[in-house]
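Contents: one structure, followed by commentary.
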Amino acid sequence: MQRRDKINYYLDIAETVAKRGTCLRRHYGAVIVKHDEIVSTGYVGAPRGRQNCSDLGKCIRMELKIPRGERYELCRSVHAEANAIISASREKMIGATLYLVGVEVSDGSYIAKSSSCSMCKRMIINAGIETVIIRDTADEYRIIQVQDWIDNDESLEGTLGY
């Protein structure tokens, strides 16, 4: 048996974390790692104490047919990246790597061309996270240097994520 490479190992953990998600559209899981040690994890879900979409049996963004990447202020959920960030100290995030996996609830497929939304990108930048690795297939991924998000400021262009 061949040993799983380290990047896919952490992405596999992020994928498992995503299974805790409560969104009816997409499950995302995030794992922050520094010095080969897991700092925190996060998945998509409503703020503590509020009902999740999975509990309510409905999603307002689905009902309104809002496309991916738009009108997040209507969403009940906190994104996986944000949940992982708020569960970690800044000291442990500076220079860390965030591993991110997104899965479509409808068919279990990986989310094509997945990326963090603009709000999560800002939090990742401010947290001091250095690298984001996003799963594309069971074995393939993209490595993003957060400095690229700083240098190529999408807020000046109006492009969206997720």
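Residues of the stretch 67-83 include none that is β-branched (Val, Ile, Thr) and either at pLDDT 95 or above or in contact with a Lys or Arg (Cβ under 8 Å, 6 or more places away or on another chain) (or both).
Within the stretch 66-88, being assigned to a helix (DSSP H, G or I), aliphatic (A, V, I, L, M) and open to solvent by less than 70 Å² (accessible area, probe 1.4 Å) holds for Leu74, Ala80, Ala82, Ala84, Ile85. Tallying residues that are touching a strand residue (DSSP E or B) at 6+ places or on another chain (Cβ under 7 Å) and assigned to a helix (DSSP H, G or I) within the stretch 17-65 yields 2. Quick one: would you say Arg61 is surrounded by 14 or more Cβ atoms within 10 Å (Cβ to Cβ), basic (Lys, Arg) and modelled with pLDDT under 90? Answer is yes for this residue.
The residues of the stretch 79-112 that are among the charged types (D, E, K, R) and in contact (Cβ under 8 Å) with a residue 12 or more places away in the chain, listed by number, are Glu81, Arg90, Lys92, Glu104. Pull up the stretch 39-51, narrow it to residues that are over 13 Å from the mean Cα position of the chain (by Cα) and buried (at least 18 other Cβ atoms within 10 Å of the Cβ), then point me to the one that is nearest to Gly69 (Cα to Cα). Filtering the stretch 39-51 for residues that are over 13 Å from the mean Cα position of the chain (by Cα) and buried (at least 18 other Cβ atoms within 10 Å of the Cβ), the one nearest to Gly69 (Cα to Cα) comes out as Ala46.
The values are calculated or read from the model by the stated rules, or taken from the named source; none is laboratory data. Source: prediction; values computed, not measured. In this analysis, Cβ positions are derived from the backbone assuming ideal geometry, glycine residues included, and neighbour counts consider all displayed protein chains. To get the accessible areas, we keep the full protein, side chains included, count just its heavy atoms, and leave off ligands, DNA and RNA. Shrake-Rupley method; radii C 1.70, N 1.55, O 1.52, S 1.80 Å.
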